[in-house]
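**Q** The structure that follows is given in the form of structure tokens.
The values are calculated or read from the model by the stated rules, or taken from the named source; none is laboratory data. Note that the structure is a prediction, hence the values are computed from the model and not measured. For neighbour counting, all protein chains shown are included, and Cβ atoms are generated from backbone atoms with ideal geometry for every residue, glycine included.
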Amino acid sequence: MKKWFLLFLLAVCSSVLLAEEETFMFIHPGRETIVNFPSASLGNTYTVSFFLPEKAVPLSKNYPVVVMLGLVPKDDAEAVAEYQKNHSVIVVGINFTEKDYAEKPTQIENFLYRELFPYLDTNYLTKTGPENRILAVRGEAAAQIALRTIEHPEVFGALALMNPGNVWAQGILPKVRTLVIGTQEELAQTQSALERGGKVYGPDFAMRYAKQGNAWFDGVDTEYLWAPAGEVAVKYLKADVLRKTISLAQKEEVALRVWAVLNNDGLFHYVPPTLRVSPPFLFWKPEEGVLQVVSGATAGKVRISNVVDKPAFTVKIKLKKQ
């Protein structure tokens, strides 16, 4: 008979617990959800869901793991199921909120690297080791916790940050490969901060624009995050503008988008902090993603063509007066 839920008390893994709530496990095909998950760091106050690539345990083989902070099983079960059609992973969701990130950053960090994986590796068939684990978060407060957690390289080997704000202002750079999904401003800040810190686009980090109504799974690209370094080096850049002509007599601007094509043909977005424009009729505003006419430019129109400067991985815009 199909069991919609099963009640049982988990064995206490630590003598110090901060709450006395009873622990429940709800079992659905492909998902096991533990309400009031026992934790010495956080107390029995949070729900942890294990989304499985198979309908039931025991699993038939070992799987890598993606941990998503803030993932709520009720709202995201359908999205996880769709994601797992193309990604053979165990997805772990924990229902943290913005308030939790603000009030319990150290406790969350301790829970992630001290408590979660001993339970996970004991109860499920997982591929152990940081090279088989991704941490994914949304928002600036969660990104701050993620970057501190990555200071423990034995836990996670890759990081996905969705809409991280200007988390780089904290001065902490990721020690593992990182994929950032965000707005134009967030991507511009990311590229500038990481390249100033010596990170290399491709092997160290990559970026994509967030889609409207961005869901969790737009950002967790396991093919990129787990690929060998040589496969994700930048092969070439390509650029495009919204329209090919612009008037110099007016304060016009034109949107510019740059893509990085990796050795494995992965396609990501690239936001150069500066552009060489010749002649200098326009200037580049990376946080807005536009080329804008320089004040006092000569009257007339110019035609824009795009040329990739491969050795430096920068984009040079050639402007020719019509």
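**Q** Looking only at the stretch 88-103, filter to residues that are part of a strand (DSSP E or B) and among the β-branched types (V, I, T); which one of those is farthest from T222 (Cα to Cα)?
**A** I94
**Q** For L147, are the conditions met, namely being modelled with pLDDT under 95 and in contact with a helix residue (DSSP H, G or I) (Cβ under 9 Å, 6 or more places away or on another chain)?
**A** Criteria not met by L147.
**Q** Checking the condition in a loop (DSSP other than H, G, I, E, B), in contact (Cβ under 8 Å) with a residue 40 or more places away in the chain and either of a type outside the set (G, A, S) or surrounded by fewer than 20 Cβ atoms within 10 Å (Cβ to Cβ) (or both), which residue from K55, K61 passes?
**A** The unique qualifying residue is K61.
**Q** Which residues, taken from the stretch 192-235, are closer than 29 Å to V80 by Cα and polar (S, T, N, Q)?
**A** Across the stretch 192-235, the qualifying residues are Q212, N214, T222.
**Q** When you scan the stretch 233-296 for strands (runs of 3 or more DSSP E) that lie fully inside it, which ones turn up with 3 or more residues that are farther than 29 Å from T222 by Cβ and out of contact with any helix residue (DSSP H, G or I) (no Cβ under 7 Å at 6 or more places or on another chain)?
**A** 245-247, 253-262, 276-278, 282-285, 290-293
**Q** Also, quick follow-up: Pick out, from the stretch 104-218, the helices (runs of 4 or more DSSP H) lying fully within it that include 2 or more residues that are farther than 29 Å from E78 by Cα and more than 18 Å from the chain's Cα centre (by Cα).
**A** Per the criteria, 105-110.
Results for (1) more than 29 Å from E287 (Cβ to Cβ); (2) at pLDDT 95 or above; (3) crowded, with 20+ Cβ neighbours inside 10 Å, shown as yes or no for each residue.
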site: K85; (1), (2), (3): yes, no, no
site: L125; (1), (2), (3): yes, yes, no
site: N132; (1), (2), (3): yes, yes, no
site: H152; (1), (2), (3): yes, no, no
site: N163; (1), (2), (3): no, no, no
site: N166; (1), (2), (3): no, no, no
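**Q** Give the residues of the stretch 235-287 that are among the acidic types (D, E) and either touching a Lys or Arg at 6+ places or on another chain (Cβ under 7 Å) or under 14 Å from Y201 (Cβ atoms) (or both), sorted by residue number.
**A** Correct list: D240 only.
**Q** Which one of E103, E109 is acidic (D, E) and closer than 19 Å to R133 by Cα?
**A** E109
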